Amino acid sequence: MNINPHHTTQRQLFESEPSWCSEQTSFGVVATVVVSQGVEKPLDYIIPERLLDAVEPGRRVRVPLGRGNREVLAYCVAVSARELPQKPLKEILAVEDEHPLLTPKMLELTEWMSGRWMCRWGEVLEAVLPAGVRLGTRSRETLHVIRDNASQTPSRAPSASQARVLALANIPHTIEELTAQANVSRAVVTRLLKTKQLMTCEGSVQSASRREVRHDRPEMLSDSQQQALDTIIHSMHSGRSNTIVLFGVTGSGKTEVYLQAVEQTLSFGRQAIVLVPEISLTPQTCDRFRARFGNVAVLHSHLTAKERHSQWRQIAAGKVSVVVGARSAVFAPTPHLGLIVIDEEHESSFKQSTAPRYHARDVAAYRASAEGIPLVLGSATPSLETFSKCLSQEWIMVELPQRVAGARLPSVLTVDQRIRSDYSCGAISGRLKAAIDWALGDDGQVILLLNRRGFATHVQCRSCGYVARCPQCDVTLTHHQPGNRGICHGCGLVLRLPDVCPSCSTARLGLHGTGTQRLEEQIRSFWPGAKVARMDADTMRTRGSHERTLDAFRDGAIDILVGTQMIAKGLDFPGVRVVGVVQADAALHLADFRAAERTCQLVTQVAGRCGRGIVEGRVVVQTMSPDHPALKAAAAHNYKAFVEHELPLRKALGYPPYGALVRIVVRSVDSRAAEIWATSLADSIRQELTTLSLPAGLEASSAPRVLGPAPAPIARLRERWRWHFQVHGPDGEQLRAALARVFLRTTVPDNVAWMVDVDPVEML
Ligand code: ADP
Ligand code: ZN
């Protein structure tokens, strides 16, 4: 199918006048292509006559590249009939895809992304298309069937056996599964297929989880829920693209608003995309979408390339109404998109940490605006970028200040960790111990957050002060059990730790600091009768481990759940009486301007896991900085107070959201080379910034400037020395244009590598 009207006219022009083209050799039909590696610029090739019908934007083609005419795969991004340049163009060799992989709209999006995040267009194209699609991994799976929700209600009521099948077929099953589970003959299923109450689909669009979940639609929305929903629906009808931010405390019913907004979208015959920070950490949210809407595609990171390809094709064919997934689901090829929702929009996982370093929130805003549809962002702790857009009335904020159904927010107690006398049980203060005893005594459950994995955070000699470090990074080793292992959290290297100090040869190496392993051990020894589980990157390595642990927790098979920040997301368990934050300021003093924001968000989020039931919950926050505004605000359930404190600080320094920030990291095995090149690049950029014209009345602090270069906080990683600097400016577009001009005339020495991160969320 040819969707590009521009292209159609050109081809018709050519087809109607073939002689015009062959006589005038200076005219021809040219394809502009982008290669994923090597050349950054789009390249022009002439389309030979035999391929004229096949080459179109969005399909891939094979082209000769470079002096040796190496054959490479490239994305066709445009086709036009025009005068040919003096220097003859090379010819396209072959067409790879039967159909375009990308619509003109998606091509436009990827081009915009490459400018927005200063990365190669080819790189973006590769990121947008799942590997299975690019490799053409065709799925030859067993046929699945699913309920056909679009079908007319049949005149006769279904028989009992038909009803059993239909109830199961809300999610895809093989025919064998259906006959076995509903205890019916194959003929019952065949009949339902014939009467179009069931339809076939290519394999499971769901992830493996088939738990029975019921999340009934509540009879009435709360006033603030209704207001939020009305705002979204109003925006849908207006045909304008508004961004609506649901600023609602944990448990205020945001997910219910998303569900009903999606319901509206489907009633217009359109699809919805719902982004969540990480699928495996939010099984409950996914279950609720699945339970409410039949054909939901859950884009899980554990899917095989084949499964992804199959889903992608079903989505592109319009067979899926709701797509739930992490960051990359924002590229789902829905043919009639009607709504994008981003849950927990403040999460930094929405920004990709490898090139292309895009932020899914910005991509969603672009896509929503291009399609003229609403974008809904939800969080109990919106990012300051989002918050400030609402304050300036660019985006619409709807507050949901109360929990639904009368549940109350838990009371929060702060424990000052500087007063050591309060420590009775390792890392657990007397206050927290009392709270845990109270919860367990009442058959309640406990969540303990400690955002450091491993047993001890560092290994140090008590005699000479030697600290065990990674041989290839500037990172201290974390002690992990079992075995006397030292693991580098920078590069993942695992070493056996020595028994005696390599520096002074005494056997006085001590384990300092507490990680989740040690905390778990302490909990087990203080509460020997309690069932304890740990949830961190070390225990959650296998597929399905999150779901198993969360299921066990919900079923009461776990009393105390110890974990890193992965326990702070999306869990809604009524049995949780106590949440303990073991060391709230663990990340507060990192060299990152967002450290306070992150800490306030994490503590607020984890505290919100508590008191979802009828009985009130308690939160105990242990910290060395009880007076820090981030922690005071989290303890008072007053995120707004934190925002009001933090925004002026950002403004004074010209940090986001008040200015754009680009971070450049230079790496080399040779420390001098990294420093020299970082310095010279920073100097060229400084020079270029002096040429920028600035809006009148701009404060000196927000004028474009370069901070650094300096060694990065992790000064060496995987044997590469790292230098970094930051470029600030009030206008992101102007700043990126200036940088692009510098990069164009820059040549990189062979022994140096570098990366550009626009709007970084990671500063280490
Ligand atoms: P959030 O996403 O803000 O944390 P949820 O949508 O998960 O909030 O709502 C919290 C709980 O309250 C859920 O169990 C949900 O089913 C229930 N709930 C939501 N809205 C209502 C309502 N209007 N009436 C009754 N219960 C509701
Ligand atoms: Zn290392």
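The values are calculated or read from the model by the stated rules, or taken from the named source; none is laboratory data. The model shown is predicted, which means the values in this text are computed figures rather than measured ones. Glycine also receives a Cβ, built like all others from the backbone with ideal geometry; neighbour counts cover every protein chain displayed.
Candidates are the residues of the stretch 274-296 that are touching a helix residue (DSSP H, G or I) at 6+ places or on another chain (Cβ under 6 Å) and more than 27 Å from Ala537 (Cβ to Cβ); the one that is farthest from ligand 1 (Cβ to nearest atom) is Val296. On the stretch given as the stretch 60-84, residues that are surrounded by 15 or more Cβ atoms within 10 Å (Cβ to Cβ) and either without any contact (Cβ under 8 Å) to a residue 24 or more places away in the chain or in contact with a His (Cβ under 7 Å, 6 or more places away or on another chain) (or both) total 1.
Just to be sure before I move on: is Ile436 closer than 27 Å to Gln605 by Cα, more than 16 Å from ligand 2 (Cβ to nearest atom), modelled with pLDDT of 90 or more and out of contact with any Leu (no Cβ under 6 Å at 6 or more places or on another chain) in the structure I sent? Write out each step before concluding.
On the way: closer than 27 Å to Gln605 by Cα: yes; more than 16 Å from ligand 2 (Cβ to nearest atom): yes; modelled with pLDDT of 90 or more: yes; out of contact with any Leu (no Cβ under 6 Å at 6 or more places or on another chain): yes.
In short, yes.
For the stretch 485-501, taking the residues that are of a type in the set (A, V, I, L, M, F, W, C) and touching a Leu at 6+ places or on another chain (Cβ under 8 Å), the one that is surrounded by the fewest Cβ atoms within 10 Å (Cβ to Cβ) is identified as Val500.
Within the stretch 114-127, the only residue that satisfies the criterion of being under 16 Å from Ala364 (Cα atoms), surrounded by fewer than 22 Cβ atoms within 10 Å (Cβ to Cβ) and among the aliphatic types (A, V, I, L, M) is Ala127.
Per this entry, Gly465 is counted among residues that are away from ligand 1 (no atom under 16 Å from the Cβ) and farther than 21 Å from Thr623 by Cα. In the set Arg667, Arg650, only one residue is within 25 Å of Arg357 (Cβ to Cβ) and within 16 Å of ligand 2 (Cβ to nearest atom); that residue is Arg667.
Only one of the numbered conditions (1) under 16 Å from Leu377 (Cβ atoms); (2) in contact (Cβ under 8 Å) with a residue 60 or more places away in the chain; (3) crowded, with 21+ Cβ neighbours inside 10 Å; (4) not polar (S, T, N, Q) is not met by Val330, and that is (2). Residues that are closer than 23 Å to Phe268 by Cα, at pLDDT below 80 and either assigned by TED's automatic domain parsing to the domain that holds Leu375 or of a type in the set (A, V, I, L, M) (or both) within the stretch 202-238 comprise just one, Val205. In summary, His309 fulfils each of the numbered conditions (1) closer than 30 Å to Leu602 by Cα; (2) crowded, with 20+ Cβ neighbours inside 10 Å; (3) of a type outside the set (Ser, Thr, Tyr) with the single exception of condition (1). The residues on offer are Leu519, Leu495, Leu511, and the sole one that is away from ligand 1 (no atom under 16 Å from the Cβ), under 30 Å from Lys433 (Cα atoms) and in a strand (DSSP E or B) is Leu511. Of all residues in the stretch 390-399, one or more are surrounded by fewer than 16 Cβ atoms within 10 Å (Cβ to Cβ), more than 16 Å from ligand 2 (Cβ to nearest atom) and small (Gly, Ala, Ser). Sub-8 Å Cβ pairs linking a first residue in the stretch 255-267 that is over 15 Å from Arg290 (Cβ atoms) to a second residue that is more than 14 Å from ligand 1 (Cβ to nearest atom) and part of a helix (DSSP H, G or I), at least 6 apart or interchain, are Val257/Ile232; Ala261/Ile232; Ala261/Ile233; Gln264/Ile232; Gln264/Ile233; Gln264/Met236; Thr265/Met236, ordered by first then second residue. Evaluation of Ser310 against the conditions (1) closer than 22 Å to His99 by Cβ; (2) of a type outside the set (A, V, I, L, M); (3) touching a strand residue (DSSP E or B) at 6+ places or on another chain (Cβ under 6 Å) shows that the sole unmet condition is (3).
Of all residues assigned to the stretch 679-692, none qualifies as being without any contact (Cβ under 8 Å) to a residue 12 or more places away in the chain, over 21 Å from Arg745 (Cα atoms) and not assigned by TED's automatic domain parsing to the domain that holds Ser353. Of all residues in the stretch 419-433, those that are at pLDDT 85 or above and loosely packed, with under 15 Cβ neighbours inside 10 Å total 1.
Take Ala355 and tell me if it is surrounded by fewer than 19 Cβ atoms within 10 Å (Cβ to Cβ) and either touching a residue at least 60 places away in the same chain (Cβ under 8 Å) or in a loop (DSSP other than H, G, I, E, B) (or both). Before the answer, list the steps.
Details: surrounded by fewer than 19 Cβ atoms within 10 Å (Cβ to Cβ): yes; either touching a residue at least 60 places away in the same chain (Cβ under 8 Å) or in a loop (DSSP other than H, G, I, E, B) (or both): yes.
In short, yes.
The set of residues in the stretch 571-586 that are touching an Asp or Glu at 6+ places or on another chain (Cβ under 9 Å) and surrounded by fewer than 23 Cβ atoms within 10 Å (Cβ to Cβ) contains only Gly575.
Of everything listed in (1) farther than 24 Å from Asp437 by Cα; (2) under 24 Å from the mean Cα position of the chain (by Cα); (3) not in a helix (DSSP H, G or I), the single unmet condition for Asp627 is (2). Condition check: under 27 Å from Pro713 (Cα atoms) and touching a residue at least 60 places away in the same chain (Cβ under 8 Å). Does Asp474 satisfy that? Yes: the conditions hold for Asp474. Checked across the stretch 387-395, the condition of being in a helix (DSSP H, G or I) and within 24 Å of Leu281 (Cβ to Cβ) holds for at least one residue.
Kindly indicate the residue of the stretch 85-107 that is among the acidic types (Asp, Glu) and crowded, with 16+ Cβ neighbours inside 10 Å and also modelled with the highest pLDDT among those meeting that condition. Break it down stepwise before answering.
At the first step, the residues of the stretch 85-107 found to be among the acidic types (Asp, Glu) are 91, 96-98.
Next, from what is left, pick out any that are crowded, with 16+ Cβ neighbours inside 10 Å: 96-97.
Working: Glu96: 93, Asp97: 90.
The selected residue is Glu96.
Does Leu550 qualify as being under 30 Å from Val615 (Cα atoms), in contact with a strand residue (DSSP E or B) (Cβ under 6 Å, 6 or more places away or on another chain) and not assigned by TED's automatic domain parsing to the domain that holds Pro283? Here the answer is no, as Leu550 does not meet what is asked. Of the residues making up the stretch 621-676, those that are free of Cβ contacts under 8 Å to residues at least 24 places away in the same chain and aliphatic (A, V, I, L, M) are Ala641, Leu649, Ile676.
In this entry, Val576 is excluded by the filter for residues that are within 22 Å of Thr514 (Cα to Cα) and away from ligand 2 (no atom under 16 Å from the Cβ). One residue stands out among those in the stretch 556-611 that are in a helix (DSSP H, G or I) and either small (Gly, Ala, Ser) or not assigned by TED's automatic domain parsing to the domain that holds Lys433 (or both): the one that is nearest to the chain's Cα centre (by Cα), which is Ala595.
Within the stretch 505-520, is there a residue that is in contact with a helix residue (DSSP H, G or I) (Cβ under 7 Å, 6 or more places away or on another chain) and small (Gly, Ala, Ser)? There is no residue in the stretch 505-520 that is in contact with a helix residue (DSSP H, G or I) (Cβ under 7 Å, 6 or more places away or on another chain) and small (Gly, Ala, Ser).
Just to be sure I understand, how many residues within the stretch 37-48 are more than 19 Å from Thr103 (Cβ to Cβ) and assigned to a loop (DSSP other than H, G, I, E, B)?
Step one: list which residues in the stretch 37-48 are more than 19 Å from Thr103 (Cβ to Cβ), which gives 37-41, 43-48.
Subsequent filtering for residues that are assigned to a loop (DSSP other than H, G, I, E, B) retains 37-41, 47-48.
Selection size over the stretch 37-48: 7.
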